[in-house]
Amino acid sequence: MNKRDLPDTANRPDDRNIPIDKVGVKDIRYPIRLLDRANGEQRTVGSFNMYVNLPHSFKGAHMSRFVEVLNDHRGAISVDSLFEMLRAMRERLEAESAHVEVEFPYFIEKEAPVSKARGLMENRCRIVGSLQGERQDMVIYVTTPISTLCPCSKEISDYGAHNQRGVATIGFRFRGMVWIEEIVDIAEQSASSAVYSLLKREDEKFVTEQAYANPVFVEDVVRNIAQRLDAHPDIVWYGIEAENFESIHNHNAYASLEKDKRDPEAGDWQENII
């Protein structure tokens, strides 16, 4: 049977008069390349979600076209390449809006504070981009492991204080070059201590004492991060979440905030690559 003779069910009309905001494919794992501040380039694996809007008159979308677009735009991931992908999705699927999300692990080699032993730390990253008419938007999220020591526990205890690992997630819109490593540094500097993959005994002593000397609540973490992001000239919007995996409570502690630094009249927006 000729391809042209095969019925195209997705292209048939639909009489329910209900448009769909997003239709597409989720969790497509694909190798990607990213800019790396220390090494120039890093290869990792991204998990892609890809969507377009579906007008009320169409029964369905051609799902294979999403995969075709991804195959056509394989390789380096940047702001420019993702917007090219969004434009291609919108054109190939005859849509008005297109959305892409890609989540990936990003590894940074970290040096222990005293022994200088080196190991790789994983940070979870997510890029969310959309194209609606002439309006384009992109937000990058970076989730960094952190350590916090409880100020209240330190204040009321005769000796010692409880501490715990946690995570800080920073989402940001930008107008210039912002390295993932910069965001990781900001998260770590805003906690009681950084988290390391490899520590010797002398490092454990240093990290423990550093955390004890710098107690922070989860509220302090988000405020400390906000102060640093306020001072960053290329970040124009941010959303922050911090969560402590409490060590002596049967719950986690959580705080979040967001702020838009953009001046609508100045036209602040993204201009560079990741």
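All of the numbers you see were taken from the coordinates with simple rules; none came from a lab. Computed from a prediction, not measured in an experiment: that's the story for all the values here. Please note: Cβ atoms are built from the backbone with ideal geometry, for glycine as well, and neighbour counts cover all protein chains shown.
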> For the chain, treating each Cα as an identical point scatterer without solvent, what Debye log10 I(q)/I(0) comes out at q = 0.12 1/Å?
Replying inline: -0.84
> Roughly what % of DSSP beta bridges within the stretch 14-260 run antiparallel, to the nearest 5?
Replying inline: 95
> If we count every other residue with Cβ under 13 angstrom of N123's Cβ, Lys/Arg +1 and Asp/Glu -1, where does the sum land?
Replying inline: -4
>> Of T169, N214, F48, which is farthest towards the positive pole of the stretch 14-260's charge dipole, taken about the Cα centre with +1 and -1 on the beta-carbons of Lys, Arg and Asp, Glu respectively?
In response: F48
> Cα extents of the stretch 150-261 along the three principal axes, largest first, in whole Å?
Replying inline: 48, 29, 21
>> Give me Rg/Rg_expected for the stretch 199-261, where Rg uses Cα atoms only and Rg_expected = 2.2 N^0.38 Å with N residues.
In response: 1.41
> Taking the Cα centre of the chain as origin and charging only Cβ (+1 Lys, Arg; -1 Asp, Glu), how large is the dipole, in debye to the nearest 20?
Replying inline: 800
> In whole Hz, what ³J(HN,Hα) sequence does the stretch 60-74 give by Karplus (6.51, -1.76, 1.60; θ = phi - 60°), x for Gly and Pro?
Replying inline: x, 9, 7, 4, 5, 5, 4, 5, 4, 5, 4, 4, 5, 10, 5
> If the viscosity is 0.890 mPa s and the temperature 25 °C, what Stokes-Einstein diffusion coefficient in µm²/s follows for the stretch 89-238 when Rh is the Kirkwood radius over Cα pairs?
Replying inline: 142
>> What is the distance in Å between the Cα centroid of the stretch 83-109 and that of the stretch 142-204?
In response: 31
>> For the pair E68/E111, report the inter-label distance in nm, with labels modelled 7 Å from Cα in the Cβ direction.
In response: 5.1
>> Give me the net charge for the shell around G166: Cβ to Cβ below 11 angstrom, other residues only, Lys and Arg +1, Asp and Glu -1.
In response: -2
>> Let me spell out the model: positive unit charges on the Cβ of Lys and Arg, negative unit charges on the Cβ of Asp and Glu, origin at the Cα centre of the stretch 67-202. What dipole size does that give, in debye rounded to 20?
In response: 440
>> Given the stretch 12-109, report the % of alpha carbon pairs whose separation exceeds 15 Å.
In response: 62
